[in-house]
Structures are given as structure tokens and as C-alpha cells.
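Engineer: Have a look at this one before I ask anything.
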């Protein structure tokens with residue numbers, strides 16, 4: 001391929017990736033913001049001006065449809081795809097680590113969802129008091145965020161583990177970028193609000209838990225970024241193999 005044409009191709013693919021990442025972040029914020037306004041402490045202040053959120057909701061939906069109408073092209077050689085897809089998970093150490101870590105992400109998402117739902121178990125009560133009291137904030141945004149993690153991120157984690165085990169799951173790279181954008185936005189907002197000075201003191205992260213809080217939530221937000229990076233930069237395992245045409 002001519003160098004100029006190759007650069008144009010790479011630019012188009014980058015715009016596609018950036019678009020999916022942006023849509024993921026916007027959709028995540030909207031999914032949390034709208035229900036939070038209706039059920040949180042600000043629900044009594046919802047008025048006609050709230051209808052202005054409609055364009056903010058429709059634009060990402062239109063954008064993601066436009067992006068998906070542009071087929072994902074690749075220049076990976078069929079032989080390279082075949083070689084990579086013959087390797088099992090043990091022979092792909094980075095994918096193995098990702099699969100194990102996504103098991104923990106799914107488990108942690110379920111755990112925090114239960115904490116947000118006021119699970120009476122002692123471990124949940126201790127976590128709420130010692131690590132993330134912000135989940136009790138009457139604004140309801142953190143509680144809804146944890147429920148979104150439990151009901152949407154957990155199925156994605158299960159799909160990711162499947163996609164890392166079974167070759168040819170061509171849907172995974174796009175969904176990985178969408179999920180990475182959503183988690184980046186959500187974790188940035190959650191960490192910031194948990195530590196912000198305007199958050200009531202009783203709901204802020206205790207000073208002696210800063211390190212563990214930042215470590216846990218930082219890893220929770222970074223791992224989807226690593227998955228997206230892996231899927232975009234080395235997509236051979238996720239590509240569909242073309243069937244050989246037989247001549248009669």
C-alpha cells in the first residue's frame with residue numbers, strides 16, 4: 001500500500017476508535033445522570049429544563065450508529081491470523097492475565113453492587129464504613145453507578161473472558177473500546193466525588209483508606225483500558241477467518 005494511503009487508512013481507524021471511546025463515556029454518564037436526577041436528593045428540582053438532556057442522549061446514539069456503519073477493516077495476513085488463533089490461552093500470557101483479572105473485576109462489581117443495595121453482611125458494612133462511605137450519599141449517583149457496574153459491566157466481563165478463550169469474536173474490540181470509555185468516565189467521576197471537598201465529610205473516603213481506595217479504583221479503571229489497547233493493537237485473535245473457497 002502507498003504510504004500516503006496507509007496513513008489515511010490509519011487515521012480513519014483512529015477516528016473510529018476515538019468515536020467509540022467518546023460514545024462509551026457519554027452513554028455511561030447519561031445512564032447514571034438521568035436516574036440519579038429522578039431518585040436522588042435533587043429529584044424535587046427536576047423541571048422542564050431537564051428536557052435539554054434529550055439531545056445529549058440522542059447524539060451519542062446517532063454517533064454510534066454512524067460508526068458501526070463503517071466496517072472495521074484490517075490488513076492482517078490470513079496466515080498471521082491462523083497462527084495466532086491456534087494458540088490457547090496458556091500460550092498467550094497477557095491474555096491469560098487479562099482473563100484472570102476480569103474475573104476479579106466481575107466479582108468486585110457484584111460485591112460493590114451488593115454494598116450499594118445495603119447488604120447486611122458484615123464484610124459489606126465494613127467496606128461501606130471503612131472504604132467507600134460515598135456509596136451512601138443521598139444524591140444517589142454513586143449507588144446507581146454501582147448498579148450499572150453490576151448489571152452491565154459484569155456481563156461484559158463474562159463476554160470478555162469468552163472472547164479471550166474462543167477465537168474469532170470480532171465484536172469484542174468495539175465493545176472493549178466502548179466499555180473502556182465508559183469506565184474511564186465513571187471512575188474519574190467516582191474517585192473525584194469521593195475525595196472532593198464539597199462532598200459531605202461523612203461520605204468522603206477516610207484519610208487512612210486513601211491508598212487502598214485509589215489503588216483499587218485505579219486498577220478497576222485501568223484494566224479496561226489495557227483490554228481495549230490489546231484488542232486494537234493486536235486484533236488477529238478476534239478476526240474472522242475467511243473460509244477457503246473450494247473449486248469443483
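The values are calculated or read from the model by the stated rules, or taken from the named source; none is laboratory data. Source: prediction; values computed, not measured. We place every Cβ from the backbone using ideal geometry, glycine too, and count neighbours over all the protein chains shown.
Engineer: Quick one: is residue 186 closer than 20 Å to residue 34 by Cβ, out of contact with any strand residue (DSSP E or B) (no Cβ under 6 Å at 6 or more places or on another chain), buried (at least 18 other Cβ atoms within 10 Å of the Cβ) and at pLDDT below 90?
Structural biologist: Details: closer than 20 Å to residue 34 by Cβ: yes; out of contact with any strand residue (DSSP E or B) (no Cβ under 6 Å at 6 or more places or on another chain): yes; buried (at least 18 other Cβ atoms within 10 Å of the Cβ): yes; at pLDDT below 90: no.
Considered against the rule, which asks whether it is closer than 20 Å to residue 34 by Cβ, out of contact with any strand residue (DSSP E or B) (no Cβ under 6 Å at 6 or more places or on another chain), buried (at least 18 other Cβ atoms within 10 Å of the Cβ) and at pLDDT below 90, residue 186 comes out as no.
Engineer: Next question. Could you list, in sequence order, the residues of segment 68-89 that are assigned to a helix (DSSP H, G or I), at pLDDT 75 or above and surrounded by 11 or more Cβ atoms within 10 Å (Cβ to Cβ)? Spell out the reasoning first.
Structural biologist: Filtering segment 68-89 for residues assigned to a helix (DSSP H, G or I) gives 68, 78-85, 89.
When the remaining residues are screened for being at pLDDT 75 or above, the result is 78-85, 89.
78, 80, 81, 82, 83, 84, 85, 89 - these are the residues of segment 68-89 that are assigned to a helix (DSSP H, G or I), at pLDDT 75 or above and surrounded by 11 or more Cβ atoms within 10 Å (Cβ to Cβ).
Engineer: Let me ask you something else. Taking the condition touching a helix residue (DSSP H, G or I) at 6+ places or on another chain (Cβ under 7 Å) and surrounded by 20 or more Cβ atoms within 10 Å (Cβ to Cβ), does residue 158 pass? Explain how you work it out, then say what you get.
Structural biologist: Numbers: touching a helix residue (DSSP H, G or I) at 6+ places or on another chain (Cβ under 7 Å): yes; surrounded by 20 or more Cβ atoms within 10 Å (Cβ to Cβ): no.
The answer is no for residue 158.
Engineer: Can you find, within segment 189-200, the residue that is surrounded by the fewest Cβ atoms within 10 Å (Cβ to Cβ) among those that are without any contact (Cβ under 8 Å) to a residue 24 or more places away in the chain and under 16 Å from residue 215 (Cα atoms)? Please lay out each step first, then the result.
Structural biologist: Of the residues in segment 189-200, the ones without any contact (Cβ under 8 Å) to a residue 24 or more places away in the chain are 192, 195-198.
Add one more test, that the residue is under 16 Å from residue 215 (Cα atoms), and what stays is 192, 195.
Working: 192: 10, 195: 14.
Only one residue fits best here, namely 192.
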